[in-house]
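Since the structure comes first, as C-alpha cells, the remarks are kept for the end.
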Amino acid sequence: MKPITEYKDYHSLIKDFYEDRKRTSYFSWREFAKLAGFSSPTYLRLVSEGKSNLSRVTMPRMISAMELAGFEAEYFKALVNFCNAKDDSAKMPFWKQMRQIALEYKVRVVDKEAVEYFDGWKNSVIRELAPRMKGATPGVIAKKCCNEISAADVSASLDFLTKAGFLKKDADGAYRQTEKNVTASKEGMVYAVHAMQHKMLQLADESIERFAPDVRNVSGVTFTVNRECYKRISQEVDAFRKKIIAIAADAENADQIYRLNLQLFPMTWKLNEEA
C-alpha cells in the first residue's frame with residue numbers, strides 16, 4: 001500500500017488494504033467484514049468498488065479493523081468526510097485538514113542517501129535528538145546519547161543530515177525535521193540497512209544489562225508454524241510497526257529517543273524436508 005496520506009479516495013484505500021492483506025495472508029471479504037463488525041460480507045466489497053459509502057457510524061469500525069492510529073486515523077476520518085461531502089464548499093474544510101496532516105506527517109523515502117543515512121545508529125538518533133535540543137552544541141548532544149559518540153561525530157552527522165535534506169537549520173541555529181518519518185526504498189534497503197540492523201541488535205543485547213526493566217522491554221516467544229501462518233504473523237508485525245510509528249508521531253513534549261527492534265526468524269529447518 002501507499003502511505004495513507006497519498007490517498008484522496010477512501011474507496012481505493014480500502015480496496016488496496018484488502019488486496020495487500022490478501023497477498024500476504026489468508027484474508028477474505030467475510031473476514032474483513034467480521035473485523036469491522038458488519039454482518040454482510042459483501043458490504044465492504046461494494047464500498048471498495050465505490051458502489052456504497054461509509055457513514056459517520058461505520059467509519060470508526062473501519063479505523064479499528066484497519067488498525068489505524070494517531071495521524072493515520074485522523075487522516076482517514078477527514079478522507080471519508082471529504083469524499084462524502086456533497087459540494088465543493090462542504091469538501092474544502094476536510095481537504096485542508098488532509099493537506100495539513102499530509103504535510104506534517106510526510107514520509108521521506110530515501111534511496112541514494114540510504115547507504116550513508118543507515119550507516120550505524122548515529123544519523124537516525126541525531127535526526128531525532130537535535131530538533132529537541134535547540135541551541136545545544138555537538139558536545140552537549142553527544143552527552144545525551146546512551147551509546148558512545150564524540151562531538152566530532154555529532155557535528156559530521158548534523159552536516160550530512162542538513163546537506164541531504166533530513167534536517168533544516170533555521171536562522172536562529174535551531175534544527176527541525178523536514179519529514180516526520182524516514183524509510184528506504186526497496187532498492188536502497190537491500191544495500192543500506194543490514195549493517196544498521198546488526199548494530200541495533202547488538203545495542204538491544206547490551207540493553208539487557210545496561211538498563212533497568214522499567215525503562216526497557218525485552219521479550220520473546222517460541223512457537224511452531226507453517227508457511228501460511230508465518231505470512232499472517234509477518235503481516236501483523238508490519239501492521240504493528242506502522243501503528244507504533246503513528247503513536248510516536250503524536251507524542252507531545254517528547255523527551256527521550258527509543259529504538260524498537262522486531263525480529264521473526266526460524267529456529268529449526270523444516271521438519272518435512274531433508275537437509
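The values are calculated or read from the model by the stated rules, or taken from the named source; none is laboratory data. Values in this document were obtained by computation on a predicted structure and should not be read as measured data. Glycine gets a Cβ as well: all are built from the backbone with ideal geometry, and neighbour counts include every protein chain shown. For accessibility, only protein heavy atoms count, side chains too; no ligands or nucleic acids. Shrake-Rupley method; radii C 1.70, N 1.55, O 1.52, S 1.80 Å.
At a glance:
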read-out: Signed unit charges on C-beta, dipole axis of the chain, positive-most listed residue 166, 103, 177; value: 103
read-out: Most to least accessible of 5, 268, 137 (protein chains only, probe 1.4 Å); value: 268, 137, 5
read-out: C-alpha center-to-center spacing [the stretch 228-247, the stretch 85-104] in angstrom; value: 29 Å
read-out: Debye, to nearest 20: dipole size of the stretch 33-170, +1 on Lys, Arg Cβ, -1 on Asp, Glu Cβ; value: 500 debye
read-out: With Cα atoms, 0 to 90° folded angle of helix 227-249 axis to the chain main axis; value: 70 degrees
read-out: 0 to 90° range, to nearest 10: angle between helix 10-24 axis and the chain longest Cα axis; value: 70 degrees
read-out: Cα-centre dipole for the chain with unit charges at Cβ (Lys and Arg positive, Asp and Glu negative), debye to 20; value: 800 debye
read-out: Extension gain from residue 92 to residue 26, taking 0.36 nm per residue of separation minus the Cα-Cα distance; value: 19.9 nm
read-out: Gaussian network model of the chain, Cα within-10 Å springs - most flexible of 218, 154, 125; value: 218
read-out: Three-way shape call for the chain based on the alpha-carbon gyration tensor, with the a/c threshold at 1.5; value: oblate
read-out: Chymotrypsin sites (Phe, Trp or Tyr not before Pro) restricted to the stretch 48-85 and DSSP loop, no more than 11 other C-beta within 10 Å; value: none
read-out: Residue 49 paired with residue 156, simple spin-label distance in nm, labels 7 Å along Cα-to-beta-carbon; value: 5.9 nm
read-out: Pairs from 106/168; 122/144; 51/243; 2/163; 134/169 whose Cα-Cα separation, in the structure shown, is over 20 Å; value: 51/243; 2/163
read-out: Rounded tilt (10° steps) of 151-163 against the dominant C-alpha axis of the chain; value: 40 degrees
read-out: GluC sites (Glu not before Pro), loop per DSSP, at most 12 other Cβ atoms within 10 Å - longest free stretch of the chain; value: 149-251
